[in-house]
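Okay, structure first, notes after.
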Amino acid sequence: MSEPIAQASAAGKAILFGEHAVVYGRPAIAVPVSQVRAVATITPAPLGSGCILEMPDVGGQAAPTDDPTGHPLAYVAWLALSVLDALPPPDWRITLRSTIPVASGLGSGAAAATAIVRAVAQALGRSLPPAQVSALVYESEKRFHGTPSGVDNTVIAFEQPVWFVRGQPPQPFVIGRPFTLVIADTGVASPTRITVGDVRRGWEADPPRYEALFDAIGGIVHAARRAIEAGDVAALGPLMDENQRLLQALDVSSPELERLCAAARSAGALGAKLSGGGRGGNMIALVTPDGAADVTAALEAAGARSTLITAVGV
Ligand code: PMV
């Protein structure tokens with residue numbers, strides 16, 4: 001295989017507080033998870049062969065396209081080439097590898113798109129500011145999700161903890177004291193667009209009930225920000241549990257998520273909740289650094305497909 005002309009990566013992400021309500025204008029807090037990453041590598045292809053995007057992990061292949069109904073990653077590759085004045089596409093093979101589980105709330109689609117945009121810019125000897133990367137990735141997120149709030153592309157393109165409100169630039173956000181999370185995968189794939197669509201139907205059928213739930217979640221996110229900035233890690237656990245109760249009321253939890261949250265709490269986690277779209281995918285548990293191993297063991301015993309420990313704010 002030829003030598004790469006560019007290689008770029010992007011981290012996964014976890015939403016700590018505020019998923020779903022963020023689609024309706026309430027704030028969310030999200031952090032990058034750098035243990036899992038998408039990596040895009042560009043190598044030269046034979047002269048005149050055009051550009052091909054290969055995704056061996058999901059068994060797919062696509063040519064960059066300006067067709068917004070095409071593959072979302074082929075579309076974002078085209079958009080990146082277009083803003084960088086590199087059309088028609090150069091003779092490149094773009095290979096995407098990823099360790100981020102698909103449809104599990106860790107931002108696999110946004111991370112893949114971010115890695116591709118970064119690699120395309122690098123191959124052209126250019127650099128794009130995070131806000132521009134985020135805006136391009138948002139276009140592919142719309143293909144994956146329908147009506148994304150923009151939180152995934154923002155936290156992944158900026159690769160730092162963000163306080164996010166839909167339609168506004170991300171706000172700088174201070175972590176007063178680092179804290180540790182165990183992230184566990186239920187192993188149940190759950191596309192975000194399904195849960196987001198179900199919440200929308202619920203909201204359309206009963207706006208006052210849903211607005212009240214979103215307001216309650218928004219209140220928790222504000223309280224969580226104060227606790228995180230003050231370094232009051234102990235206050236975060238109950239806020240996570242309360243956010244989880246409200247997500248349950250939105251009907252985006254599942255028996256598997258509830259089982260993992262309960263197992264984490266019994267093993268000493270300070271709090272636990274689903275993270276992302278829900279009904280499957282990942283949950284997060286707040287732990288003391290010393291308690292991480294016990295909680296991880298309990299999650300695995302309760303059926304978690306995989307677990308990882310990540311420190312936020314270090
Ligand atoms: O499932 P994820 O990780 O893509 O997170 C989706 C977060 C939602 O708030 C449910 C949707 C959104 O667009 O913000």
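The values are calculated or read from the model by the stated rules, or taken from the named source; none is laboratory data. As the structure is a prediction and not an experimental result, all values here were calculated from the model. Note that each Cβ is placed from the backbone with ideal geometry, even for glycine, and that neighbours are counted across all protein chains shown. With ligands, DNA and RNA removed, areas are computed over all heavy atoms of the protein, side chains included. Shrake-Rupley method; radii C 1.70, N 1.55, O 1.52, S 1.80 Å.
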For the structure I just gave you, tell me whether ILE309 is of a type in the set (A, V, I, L, M, F, W, C), over 28 Å from ARG201 (Cα atoms) and in contact (Cβ under 8 Å) with a residue 12 or more places away in the chain. yes
Can you work out which of the residues in region 70-99 that are in a loop (DSSP other than H, G, I, E, B) and under 22 Å from the mean Cα position of the chain (by Cα) is surrounded by the most Cβ atoms within 10 Å (Cβ to Cβ)? HIS71
Name the one entry in GLU211, GLU204 that is more than 22 Å from LEU286 (Cβ to Cβ), open to solvent by 70 Å² or more (accessible area, probe 1.4 Å) and more than 16 Å from the chain's Cα centre (by Cα). GLU204
All positions within region 27-68 that are in contact (Cβ under 8 Å) with a residue 60 or more places away in the chain and over 30 Å from PHE17 (Cα atoms): THR41, ILE42, LEU53, PRO68
Can you say whether SER254 is within 16 Å of the ligand (Cβ to nearest atom), assigned by TED's automatic domain parsing to the domain that holds GLY218 and at pLDDT 95 or above, as far as the supplied structure shows? yes
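Give the residue, chosen from VAL174, VAL233, that is modelled with pLDDT under 95 and out of contact with any Cys (no Cβ under 6 Å at 6 or more places or on another chain).
VAL174
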With the structure loaded, tell me whether GLY18 is within 16 Å of the ligand (Cβ to nearest atom) and buried (at least 24 other Cβ atoms within 10 Å of the Cβ) or whether it fails that test. yes
State whether one or more residues within region 128-144 are basic (Lys, Arg), within 23 Å of PRO170 (Cα to Cα), open to solvent by 60 Å² or more (accessible area, probe 1.4 Å) and not assigned by TED's automatic domain parsing to the domain that holds ASP198. yes
Residue check, LEU239 against (1) more than 16 Å from the ligand (Cβ to nearest atom); (2) farther than 18 Å from ASP215 by Cβ; (3) of a type in the set (A, V, I, L, M), all met but one. Which one? (2)
Going through ALA292, ALA304, ALA263 one at a time, which residue ends up being over 13 Å from ALA14 (Cβ atoms), in contact with a helix residue (DSSP H, G or I) (Cβ under 8 Å, 6 or more places away or on another chain), in a helix (DSSP H, G or I) and open to solvent by less than 50 Å² (accessible area, probe 1.4 Å)? ALA263
Any idea which of ILE156, ILE183 is within 12 Å of the ligand (Cβ to nearest atom), open to solvent by less than 10 Å² (accessible area, probe 1.4 Å) and assigned by TED's automatic domain parsing to the domain that holds ALA272? ILE183
